[in-house]
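Asks: Below is the structure I would like to discuss, written out as structure tokens.
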Amino acid sequence: MTLIAAAFVVCMAFVTATLSGVFGMAGGLVLMGALALVLPVQAAFVTHGILQLVANGWRSILHRRFVRWDIVGWYALASLIAGVTVALLSFTPSKPLLFLLLGLVPGLTWLPQRWINLDAGKPPQAFLSGLTVTGLNLTAGVAGPLLDIFFVRTELTRHAIVATKAATQVFAHLAKIVVYGAPMFAGGGVGMPPWWVFALAIPLSMLGTVAGGAILNRITDVNFKRWTRWIVTAVGISYLIQAAQLFLAR
């Protein structure tokens with residue numbers, strides 16, 4: 001890894017942790033695409049999992065009084081099942097397919113609310129969210145917009161939404177690290193950033209989470225939902241363009 005690429009990863013760790021601290025999902029989407037630009041796909045999945053595990057874990061600790069632990073429990077059980085299933089399939093997307101999936105995921109935010117009757121506050125649907133969101137996380141790298149669908153009709157405040165989603169994503173990213181990291185590290189960990197990149201990026205992720213939380217306190221619930229949709233859509237369009245370029249270059 002070049003010094004420029006390493007600096008890019010470190011900077012994006014802070015920027016995307018701040019985004020996630022405000023909107024709960026945009027940061028992970030941006031970070032996955034950024035990592036895929038400079039790392040092999042498998043290494044990008046593991047690096048993303050490690051950095052997002054720290055960012056989400058720290059965010060759930062900072063906002064722990066808002067976490068709905070019953071939702072997290074059902075989600076964690078389903079994440080285990082999804083992780084085992086994907087591991088048995090031994091699936092790793094190509095880089096063009098990864099960007100295509102990353103570009104399509106934000107489209108989920110535009111589904112009409114009248115079509116959506118999901119509520120993560122209900123145990124069966126909390127379990128379904130863990131199964132589907134972790135499954136998508138392990139194939140597309142991110143699944144924030146899909147997770148958001150399960151929170152559209154809940155009565156949770158913006159703080160509870162961000163805190164609970166962060167806690168659930170700890171398990172989704174753990175699954176990503178194990179599923180993609182185990183076979184890669186068994187082969188020597190080729191393509192992974194050096195240890196000092198994580199030593200710098202992890203505390204910056206934590207700092208970005210704190211900064212995002214401060215911004216979150218200053219916005220309203222209405223603006224929170226409006227800006228989330230537009231930000232992830234813009235990012236998704238850029239990924240679709242990147243996917244098209246990669247497919248055409250083949």
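Coordinate-derived values only; no laboratory data. Because the structure is predicted, anything quoted here is derived from the model rather than measured. Cβ: placed from backbone, ideal geometry, glycine included. Neighbour counts: every protein chain shown.
Asks: Of the candidates Pro194, Pro112, Pro96, which one comes out as most mobile in a Gaussian network treatment of the chain with C-alpha springs shorter than 10 Å?
Replies: Comparing Pro194, Pro112, Pro96 in the GNM, the peak value goes to Pro112.
Asks: Using alpha-carbon pairs under 8 Å, 6+ residues apart, how would you state the relative contact order of the chain in percent? Intermediate results must be reported in sequence, preceding the final value.
Replies: Working: 388 pairs, mean separation 98.9, N = 250.
Once normalised by length, the contact order is 40 percent.
Asks: Counting other beta carbons within 10 Å of each residue's own, what order do Val162, Val190 fall into, fewest first?
Replies: Val190, Val162
Asks: Another question, if that's okay. What is the helix-to-structure angle for 95-104, meaning the angle in degrees between its Cα long axis and the longest Cα principal axis of the chain, kept from 0 to 90 and rounded to the nearest 10?
Replies: Its long axis makes an angle of about 20 degrees.
Asks: How big is the chain by the Kirkwood estimate over distinct Cα pairs, in Å? If you can, show how the numbers build up before the last one.
Replies: On the way: mean 1/r = 0.0561 Å⁻¹.
Across the chain, the inverse of the average 1/r is 17.8 Å.
Asks: Highest mean first, what order results for 29-42, 78-91, 147-160 on Cβ atoms within 10 Å? The partial results should precede the final answer.
Replies: On the way: 29-42: 21.9, 78-91: 16.2, 147-160: 18.6.
Ranking, from highest mean packing down: 29-42, 147-160, 78-91.
Asks: Could you compute the FRET efficiency for Val190 and Arg64, with r as their C-beta to C-beta distance and R0 at 41 Å, rounded to 0.05?
Replies: 0.65
Asks: With every atom except the alpha carbons ignored, what do you get for Rg and Dmax of segment 10-67, in angstroms?
Replies: Radius of gyration, then largest Cα-Cα span, for segment 10-67: 11.5, 38 Å.
Asks: Continuing with this model, one more query. Against the longest alpha carbon principal axis of the chain, how many degrees, from 0 to 90 and to the nearest 10, is the axis of helix 41-62 turned?
Replies: 30 degrees
Asks: Now for a separate question. For helix 26-38, what angle does its Cα long axis make with the longest principal axis of the chain, in degrees from 0 to 90 and rounded to 10?
Replies: 10 degrees
Asks: Here is a further query. If you only keep lysine pairs separated by 8 or more in sequence, or across chains, how many in the chain come under 20 Å at the Cα atoms? All intermediate terms of the calculation are to be shown ahead of the outcome.
Replies: Working: Lys95/Lys176; Lys122/Lys165; Lys165/Lys176; Lys165/Lys225.
For the chain, qualifying lysine pairs total 4.
Asks: What 222 nm value per residue comes from the helices of the chain, counting each DSSP H run with n ≥ 4 as -39,500 (n - 2.57) and dividing by all residues, nearest 500 deg cm²/dmol?
Replies: After summing the helix terms and dividing by the residues of the chain, the value is -26000 deg cm²/dmol.
Asks: Taking every pair of distinct Cα atoms and averaging 1/r, then inverting, what Kirkwood hydrodynamic radius in Å comes out for segment 19-166? Each step should come with its number before you reach the end.
Replies: Values: mean 1/r = 0.0643 Å⁻¹.
One over the average 1/r among Cα pairs gives 15.6 Å for segment 19-166.
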